[in-house]
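> Mind having a look at this structure? Questions to follow.
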Amino acid sequence: MKLTDLCSYKSIVIQCHDNPDPDAVASGYALYRYFSQDPDKQVLLVYAGDYFIQKSNLLMMIERLDIPLLHVDSLPEAPELLITVDCQYGEGNVTELPATCIAVIDHHPHIGKIFDYSEIRSSYGSCSSLVYQLLRDENVDVNLDLSLSTALYYGLYSDTNALSEISHPADKDLRDDLMYNKGLLAALRNANFSASDINIAGEALSLAVFDEKHRIGIAEAKPCDPNILGFIGDMLLQVDLLDCCLVYCRLPFGIKFSVRSCIREIHAGDMAVFLSEDIGSGGGHAEKAGGFLREEAVQLISECRSDHEFFRDRILSYFDSYDIVYASEFKPDVSVMGLYRKERLPLGYVRSTDILEEGTLATLRTLEADITIRASKDTYIMIGIVGEVYPIKRHTFEKRYKFSNNPFSATFEYEPSIRSSQSRSPIRLMQYAKTCVPTGETFIHAMPLERKAKIFTVWDPDNYMRGQPGDYLAVHHDNQNDVYVIEKDIFLRSYVPVTATEYSMYPHAKT
Ligand SMILES: [Mn+2]
């Protein structure tokens with residue numbers, strides 16, 4: 001979705017989730033500014049729900065940046081377009097407001113509903129990063145307005161634990177590109193909690209329970225701002241007995257919870273999704289996540305002996321729901337797996353000296369990481385089918401690929417870019433990409449998964465690949481340590497089964 005897709009609507013309401021946080025307010029504000037440039041449009045920025053904003057940092061942000069955010073119980077009339085930001089229409093923490101059309105701009109896991117328009121990037125650290133990217137796609141320079149750029153910067157800042165949990169390149173772009181009001185940011189940082197917040201946190205910590213066997217900690221807090229739950233979780237997780245912890249509080253309309261993990265086998269976001277499945281909503285990032293359980297969950301809890309027991313049982317059933325594979329130690333039995341050949345799909349390549357002066361240092365920004373390269377006649381850049389980018393030596397490239405000067409086109413979740421050390425503005429790699437095709441054949445052993453799996457590959461031992469039942473567990477034919485998951489649809493599209501006889505007839509096949 002592009003922002004221009006929404007420009008035909010005349011009456012637009014932008015809605016933050018109930019109990020808004022700085023990221024929701026910043027994202028909503030940036031969209032408000034974008035759409036209200038047109039004097040013919042009626043644009044409102046709102047939030048709803050039982051609670052009025054009380055947190056001092058958020059009140060300060062709204063006042064100092066002059067953000068026209070309104071609390072509403074309902075709308076006098078349904079707008080043509082309602083845009084929910086940092087949340088999805090129909091979710092537990094979004095009061096439903098009527099509208100003719102619904103657009104969703106969010107960075108939480110997709111709740112599975114279909115909207116008229118949506119842009120959901122669950123791997124982004126903040127919704128502000130997504131809105132920044134959408135504005136940049138429309139050639140809006142947010143740095144022309146310090147109030148706007150500061151709002152977006154603070155949105156990312158507060159959603160990523162003071163920028164410490166940034167991993168997605170879109171988040172890095174926001175962090176590196178935006179100017180912000182330094183004095184205001186310092187003031188916001190130091191107005192994060194009220195005195196009673198800290199008292200609630202202290203009380204919750206003093207009553208926390210520890211399951212040493214399973215290395216789980218659980219704490220209940222008195223009704224409080226959801227951000228305090230995260231703060232309590234951050235403290236609790238530092239206890240040496242724990243791998244993960246959960247902090248919750250009962251609110252009049254359900255239960256809010258925060259999850260923290262400090263081991264690679266537990267992705268806090270995955271755990272939050274599991275805990276809230278069918279009874280609420282949840283999600284987040286590797287170490288930090290949160291969610292909300294609807295009132296019906298409270299009913300389920302009352303069937304348990306205690307709230308703590310309910311959460312403990314649910315966490316244990318999460319631990320039981322998947323298998324873990326460590327590729328470096330895994331001994332696959334390829335005799336029970338099928339043999340497959342990968343179709344030769346075209347890939348992209350760029351000669352580094354086509355876009356940079358020879359000798360220039362530059363940063364390749366990709367979905368996975370920032371990679372530094374030096375431009376030379378010997379350095380080429382490869383672009384894979386899902387936008388993965390990596391440098392390759394010219395002679396290796398010429399050996400492995402048949403190449404042409406035809407342009408390579410594809411669309412990716414994050415379009416790879418390159419930033420030279422000499423200029424600030426990024427170069428879009430796709431504008432220069434040409435097509436190449438692998439010369440050799442790739443063979444793998446594969447079989448469908450029966451259970452959910454977490455696979456730690458040899459190339460990324462810190463994060464697991466997720467496998468769902470029906471996806472394929474794959475082992476590279478020439479390197480049996482190279483174990484990974486291929487999503488069912490991609491597998492069926494890009495691999496064909498081969499028999500041992502056919503295999504022996506391929507000229508490049510090793511026996
Ligand atoms: Mn957010």
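The values are calculated or read from the model by the stated rules, or taken from the named source; none is laboratory data. All values derive from a computational prediction rather than experimental measurement. Positions of Cβ are backbone-derived with ideal geometry, glycine not excepted, and every protein chain shown enters the neighbour counts. These area figures cover heavy atoms from the full protein model, side chains too; ligands, DNA and RNA do not enter into them. Shrake-Rupley method; radii C 1.70, N 1.55, O 1.52, S 1.80 Å.
> Which one is farthest from the ligand (Cβ to nearest atom) among residues in the range 121-137 that are open to solvent by less than 40 Å² (accessible area, probe 1.4 Å) and either more than 18 Å from the chain's Cα centre (by Cα) or among the β-branched types (Val, Ile, Thr) (or both)?
Once the filter is applied, the top-ranked residue is Leu135.
> Another question, if that's okay. Of the numbered conditions (1) away from the ligand (no atom under 12 Å from the Cβ); (2) surrounded by fewer than 19 Cβ atoms within 10 Å (Cβ to Cβ); (3) hydroxyl-bearing (Ser, Thr, Tyr); (4) under 21 Å from Pro20 (Cβ atoms), Thr150 satisfies every one except a single condition; which is it?
The failed condition is (2).
> Quick one: Leu59 ticks every box in (1) open to solvent by 50 Å² or more (accessible area, probe 1.4 Å); (2) assigned to a loop (DSSP other than H, G, I, E, B); (3) away from the ligand (no atom under 16 Å from the Cβ) bar one, so which box is it?
Of everything listed in (1) open to solvent by 50 Å² or more (accessible area, probe 1.4 Å); (2) assigned to a loop (DSSP other than H, G, I, E, B); (3) away from the ligand (no atom under 16 Å from the Cβ), Leu59 misses just condition (2).
> Please work out which residue is surrounded by the fewest Cβ atoms within 10 Å (Cβ to Cβ), limiting yourself to the range 253-293 and to residues that are in contact with a Pro (Cβ under 7 Å, 6 or more places away or on another chain) and not small (Gly, Ala, Ser).
Val273
> Which residues, counting only those in the range 73-95, are small (Gly, Ala, Ser) and either more than 18 Å from Asp18 (Cβ to Cβ) or more than 16 Å from the ligand (Cβ to nearest atom) (or both)?
Ser74, Ala78, Gly90
> Can you list the helices (runs of 4 or more DSSP H) lying wholly within the range 121-234 that have 2 or more residues being of a type outside the set (Asp, Glu) and in contact (Cβ under 8 Å) with a residue 60 or more places away in the chain?
127-137, 146-159, 169-177, 182-189
> Moving on. Can you find even one residue in the range 247-260 that is closer than 23 Å to His168 by Cα, under 18 Å from the mean Cα position of the chain (by Cα) and not hydrophobic (A, V, I, L, M, F, W, C)?
Yes, because at least one residue in the range 247-260 is closer than 23 Å to His168 by Cα, under 18 Å from the mean Cα position of the chain (by Cα) and not hydrophobic (A, V, I, L, M, F, W, C).
> Still on this structure, I have one more. Condition first: open to solvent by 40 Å² or more (accessible area, probe 1.4 Å) and either outside the structural domain of Asp18 (by TED's automatic domain parsing) or more than 16 Å from the ligand (Cβ to nearest atom) (or both). Now tell me which residues in the range 96-117 satisfy that.
Across the range 96-117, the qualifying residues are Glu96, Pro98, Thr100, Gly112, Lys113, Ile114, Asp116, Tyr117.
> Being small (Gly, Ala, Ser), surrounded by 17 or more Cβ atoms within 10 Å (Cβ to Cβ) and at positive phi is true for just one of Gly348, Gly387. Which residue is that?
Gly387
> Filter the strands (runs of 3 or more DSSP E) completely within the range 253-305 down to those with at least 2 residues that are at positive phi and modelled with pLDDT under 85.
In the range 253-305, 280-284 are the strands (runs of 3 or more DSSP E) which contain 2 or more residues that are at positive phi and modelled with pLDDT under 85.
> Shifting gears a bit: Quick test for you: out of Phe403, Phe397, pick the one residue that is part of a helix (DSSP H, G or I), in contact with a strand residue (DSSP E or B) (Cβ under 6 Å, 6 or more places away or on another chain) and surrounded by 14 or more Cβ atoms within 10 Å (Cβ to Cβ).
Phe397
> Further question on the same structure: Would you mind stating whether Asp18 is in a helix (DSSP H, G or I), within 16 Å of the ligand (Cβ to nearest atom), acidic (Asp, Glu) and surrounded by 20 or more Cβ atoms within 10 Å (Cβ to Cβ)?
Criteria not met by Asp18.
> Restricting to the range 439-472, what's the tally of residues that are in a strand (DSSP E or B) and of a type outside the set (A, V, I, L, M, F, W, C)?
Count: 7.
> Residue pairs, Cβ under 6 Å, 6 or more apart or interchain, first in the range 319-346 and among the aromatic types (Phe, Trp, Tyr), second exposed (fewer than 14 other Cβ atoms within 10 Å of the Cβ) and modelled with pLDDT of 90 or more. List them.
Tyr340/Pro497
> Sticking with this structure for a sec: Please specify each residue of the range 368-384 satisfying the condition of being surrounded by 15 or more Cβ atoms within 10 Å (Cβ to Cβ) and in contact with a Ser or Thr (Cβ under 8 Å, 6 or more places away or on another chain).
Residues satisfying the conditions are Ile371, Ile373, Arg374, Ala375, Ser376, Thr379, Tyr380, Ile381.
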